[in-house]
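Taking it in order: structure first as structure tokens, then the write-up.
The values are calculated or read from the model by the stated rules, or taken from the named source; none is laboratory data. These numbers were taken from a predicted model, which means no experiment stands behind them. Note that we place each Cβ from the backbone using ideal geometry, even for glycine, and neighbour counts take in every protein chain shown.
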Amino acid sequence: MGRAALVLCLGLLAVSGVSATAQPQAQVTVAGDAGSTTPIRHWEVQTSAKAQEGGQAISRPGYDADGWLPVSGEATVMAGLLENGWYAHVFHGLELQRAGRHHFQVPWWYRTRFRLAEGNDG
């Protein structure tokens, strides 16, 4: 596959969708060698209640991820929602109990883009 852009998607449990505009992230170049690992620091997340196309469509290069939430690092859905300002002050008093439970009753998608290093044909 050479230097072709690839997209990685993972499903995970969680929340409904209020949208924020995801900013394009610089693509990470990953080694395709067996046993190699490369940390990926930037992801986009979206509730499956909103992104209903399925994994085959969502994982394609060129998929329109407008409205997906940008998250840094290996974030849980709640951490991603906090990072994007969905909830404030959840660590004070009983505020965490006020977080919308309905947000955590459907799966969420995690998506990112990366490139394979030169010389790796996948």
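Restricting to region 81-106, count the residues that are surrounded by fewer than 12 Cβ atoms within 10 Å (Cβ to Cβ) and not basic (K, R).
Adding up the residues that qualify gives 9.
Taking strands (runs of 3 or more DSSP E) that do not extend beyond region 42-122, which have at least 1 residues that are of a type in the set (G, A, S) and under 15 Å from the mean Cα position of the chain (by Cα)?
Of the strands (runs of 3 or more DSSP E) lying wholly inside region 42-122, those with at least 1 residues that are of a type in the set (G, A, S) and under 15 Å from the mean Cα position of the chain (by Cα) span 69-72.
Can you pull out the residues in region 27-61 that are at pLDDT below 85, more than 15 Å from G73 (Cβ to Cβ) and of a type in the set (A, V, I, L, M, F, W, C)?
Correct list: V30, A31, A34.
Cβ-Cβ below 7 Å, separation at least six or inter-chain, first residue in region 49-63 and more than 20 Å from L116 (Cβ to Cβ), second part of a loop (DSSP other than H, G, I, E, B) and of a type in the set (F, W, Y): which pairs?
A57/Y63
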